[in-house]
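Each reported figure results from applying straightforward, stated rules to the coordinates on display, with no laboratory input. Keep in mind that this is a model prediction, so the values were computed, not measured. Cβ coordinates were reconstructed from backbone atoms using ideal geometry, including for glycine residues, and neighbour counts include every protein chain displayed.
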Amino acid sequence: MAEYTKALELDSKDADIYNNRGLVYFEQNKYKKAIADYTKAIELDPKYVDAYLNRGKVLQRQKKYGQAVIDYTKALVRFGQ
């Protein structure tokens with residue numbers, strides 16, 4: 001976790017780092033922080049399929065199925081582009 005945070009201090013525009021740190025938060029069941037990082041990754045790269053999929057997984061885990069479907073659909077659409 002510390003390495004990802006430090007990397008973001010060096011390059012706050014790297015969507016991969018936000019996505020990867022979100023994965024760590026997800027594994028720690030820190031869903032609010034995971035969603036924030038996935039959302040930032042998407043803001044930086046709107047075609048980032050993995051970030052949509054990962055955010056969808058968090059939303060699904062939180063039983064927010066409608067929102068999860070929206071993210072999964074966005075991932076499918078962007079994957080095809």
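Pairs of Cα atoms under 8 Å, at least six residues apart: use those to get the relative contact order of the stretch 16-81, whole percent. Don't jump to the answer; show the numbers that get you there.
Working: 73 pairs, mean separation 17.6, N = 66.
Rounded, it is 27 percent for the stretch 16-81.
To test your reading of the geometry: what angle, between 0 and 90 degrees and rounded to tens, separates the Cα axis of helix 49-61 from the longest principal axis of the chain?
In the chain, helix 49-61 runs at an angle near 70 degrees to the longest axis.
Using helices alone, what [θ] at 222 nm do you get for the chain, with -39,500 (n - 2.57) per DSSP H run of 4 or more residues, divided over all residues and rounded to the nearest 500?
Numbers: 5 runs with 64 residues, N = 81.
It lands at -25000 deg cm²/dmol.
Beyond 14 Å, what percent of the Cα pairs of the chain remain?
Values: 1871 of 3240 pairs.
Summing the P(r) of the chain above 14 Å gives 58 percent of all pairs.
I want to check the label-to-label distance for Val77 and Tyr65. Put each point 7 Å from Cα in the C-beta direction and report it in nm to one decimal.
Roughly 2.2 nm, to one decimal.
Calculate the spin-label point distance for Lys47 paired with Lys32, positioning each point 7 Å from the Cα along the beta-carbon direction, and give it in nanometres.
The modelled label-to-label distance comes out at 3.5 nm.
Among the lysines, which fall within straight-line cross-link reach of Lys13, defined as a Cα-Cα distance under 30 Å, with same-chain neighbours fewer than 8 residues apart omitted?
Within reach: Lys30, Lys32, Lys33, Lys40, Lys47, Lys57, Lys64, Lys74.
Where does each of Arg78, Arg61 land when they are ranked from fewest to most other beta-carbon atoms within 10 angstrom? Don't skip to the end; give the middle numbers.
Details: Arg78 17, Arg61 13.
In increasing order of surrounding Cβ atoms, one gets Arg61, Arg78.
Would you grab the residues whose amide H sits under 5 Å from the one on Gln62? Only those 5+ places off in sequence or on another chain, please, with H modelled 1.01 Å from N.
The list, which skips near neighbours in sequence, is empty: none.
State the extension gain, in nm to one decimal, for the chain segment bounded by Thr39 and Glu3, taking 0.36 nm per residue of separation less the distance between their alpha-carbons. Provide the component values of the computation, followed by the final result.
On the way: separation 36, 0.36 × 36 = 12.96 nm, distance 1.97 nm.
So the extension gain works out to 11.0 nm.
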